[in-house]
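Each remark here refers to the structure printed beneath this line.
The values are calculated or read from the model by the stated rules, or taken from the named source; none is laboratory data. Everything numeric here is computed off the predicted structure, so don't read it as measured data. Glycine gets a Cβ as well: all are built from the backbone with ideal geometry, and neighbour counts include every protein chain shown. Accessible surface is based on the protein model in full, side chains and every heavy atom, while ligands, DNA and RNA are left aside. Shrake-Rupley method; radii C 1.70, N 1.55, O 1.52, S 1.80 Å.
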Amino acid sequence: MRLSKTSPNYVGLVKFLVQPFLESPESLSVDCEMSYSLNRAWIRIAFDPTDKGKVFGRWGRNIQAIRTVIATAAELAGQTVYLDIYGSNSQSRESLSFDGEQEERIPPPRSRDRSSSIPRPIAKPRLR
């Protein structure tokens with residue numbers, strides 16, 4: 001279902017979702033690059049490395065929730081989105097590129113693979 005032809009405000013959405021976790025919200029840097037021909041958005045964020053634990057949360061729950069919200073907004077607009085996280089704000093935006101080194105990159109969430117090598121219990125019918 002496609003609701004509109006416009007893209008979501010990814011920069012505003014990411015700032016809204018990430019800033020509450022930061023001790024110094026002004027350290028957050030968000031860069032968004034759009035490819036309208038591929039219907040993709042690349043979002044790069046950087047913040048003070050001391051806030052990394054709060055942004056990621058226990059077992060990565062916070063960052064996964066942020067990714068889910070961003071992915072849902074993109075899906076409603078008929079797009080896909082990639083979120084790259086840089087651990088330090090010391091790099092300038094001009095130095096951030098897809099080919100450049102980055103401290104942290106987490107792939108987008110995937111559905112769980114049911115064909116893993118873990119044996120599954122066999123359900124046997126009950127005889128009465």
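Please specify each residue of segment 4-21 satisfying the condition of being at pLDDT below 90 and open to solvent by 70 Å² or more (accessible area, probe 1.4 Å).
Selection gives Lys5, Thr6.
Name the residues in segment 39-82 that are of a type in the set (A, V, I, L, M) and in contact (Cβ under 8 Å) with a residue 60 or more places away in the chain, would you?
Ile70, Ala73, Ala74, Leu76, Ala77, Val81
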